[in-house]
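In what follows, a structure is listed as structure tokens, so that the remarks can point back to it.
The values are calculated or read from the model by the stated rules, or taken from the named source; none is laboratory data. Since we're looking at a predicted model, the values are computed, not measured. In this analysis, Cβ positions are derived from the backbone assuming ideal geometry, glycine residues included, and neighbour counts consider all displayed protein chains.
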Ligand SMILES: Cc1cc2nc3c(=O)[nH]c(=O)nc-3n(C[C@H](O)[C@H](O)[C@H](O)COP(=O)(O)O)c2cc1C
């Protein structure tokens, strides 16, 4: 039969282990929360940087990262899951929306875009915020043709006319990249479709709640 001394011999290390395990668990939970918060903050800063490249921060006075809605339109926005829309306002009035639409037909998979559109449907600009296109070929908008995305600024569904909303090779108004037509074709098509989505949903996009 175990004596009191024997029981103590077992109980003390067991209790120490239990305390250590509890401290470790609490530490891991705290670390996970801190890491999650940091990732969320980094993502917010990352998207804000892209927004700032499209819309001058002094032109709106709300926090677009906190003024979002989600919309679903697989045909026009290229995603089977809802995409985020940031709303920019000044004194409560609409300044722009920035839609995170998808160009599904990239050479190496979908590209994620941020498409900023002013009331009335004029493009303020387009950023490619995520992609896997081939370095040196399909990613020319990041380096070789760094001003290529600027071509969208001021465009709308009627400017250029709808049938010219594609790359020159297909009879459109948009340059392709040297040796790489698939990527620009996919981007131009996705931007046009995002504008089409906007045209059909403009009022609802600025309303509270999630548009159907
Ligand atoms: C390894 C490899 C990677 C390629 N990556 C891309 C790409 O990221 N984007 C693209 O548009 N074309 C890419 N291409 C070229 C396409 O296959 C296609 O030839 C081109 O887009 C058609 O453009 P063109 O009609 O101007 O020749 C790649 C080709 C190869 C062989």
Residue set 24, 28, 76; condition part of a helix (DSSP H, G or I) and touching a residue at least 24 places away in the same chain (Cβ under 8 Å); output residue 76
Of the residues in region 108-162, those that are within 24 Å of residue 206 (Cα to Cα) and in a loop (DSSP other than H, G, I, E, B) come to 119, 120, 121, 153, 154, 155, 157, 158
Checked region 153-200 for anything under 15 Å from residue 115 (Cβ atoms), surrounded by 19 or more Cβ atoms within 10 Å (Cβ to Cβ) and touching a residue at least 60 places away in the same chain (Cβ under 8 Å); matches are 186, 187, 189, 190, 191, 193, 194, 195, 197, 198
Selection from region 164-198 of residues away from the ligand (no atom under 11 Å from the Cβ) and assigned to a loop (DSSP other than H, G, I, E, B) yields 165, 166, 171, 172, 173
Residue 69: passes all of (1) over 28 Å from residue 181 (Cα atoms); (2) part of a helix (DSSP H, G or I) but (2)
* Do we have any residue at all in region 138-147 that's away from the ligand (no atom under 16 Å from the Cβ) and in the same structural domain as residue 82 (by TED's automatic domain parsing)? -> yes
Looking across region 50-66 at residues that are under 11 Å from residue 98 (Cβ atoms) and surrounded by 15 or more Cβ atoms within 10 Å (Cβ to Cβ), the single one that is farthest from the chain's Cα centre (by Cα) is 60
Going through (1) under 22 Å from residue 50 (Cα atoms); (2) more than 16 Å from the ligand (Cβ to nearest atom); (3) touching a helix residue (DSSP H, G or I) at 6+ places or on another chain (Cβ under 7 Å) one by one, residue 100 fails only at (3)
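Working carefully through the options 194, 178, 210, find the one that is in contact with a helix residue (DSSP H, G or I) (Cβ under 8 Å, 6 or more places away or on another chain), closer than 24 Å to residue 129 by Cα and modelled with pLDDT under 95. Please lay out each step first, then the result.
On the way: 194 fails: modelled with pLDDT under 95; 210 fails: in contact with a helix residue (DSSP H, G or I) (Cβ under 8 Å, 6 or more places away or on another chain).
From the options 194, 178, 210, the qualifying one is 178.
Quick check on this structure: which one of 78, 109 is modelled with pLDDT of 95 or more, in the same structural domain as residue 193 (by TED's automatic domain parsing) and surrounded by fewer than 16 Cβ atoms within 10 Å (Cβ to Cβ)? Steps first, please.
On the way: 78 fails: surrounded by fewer than 16 Cβ atoms within 10 Å (Cβ to Cβ).
Matching residue, one of 78, 109: 109.
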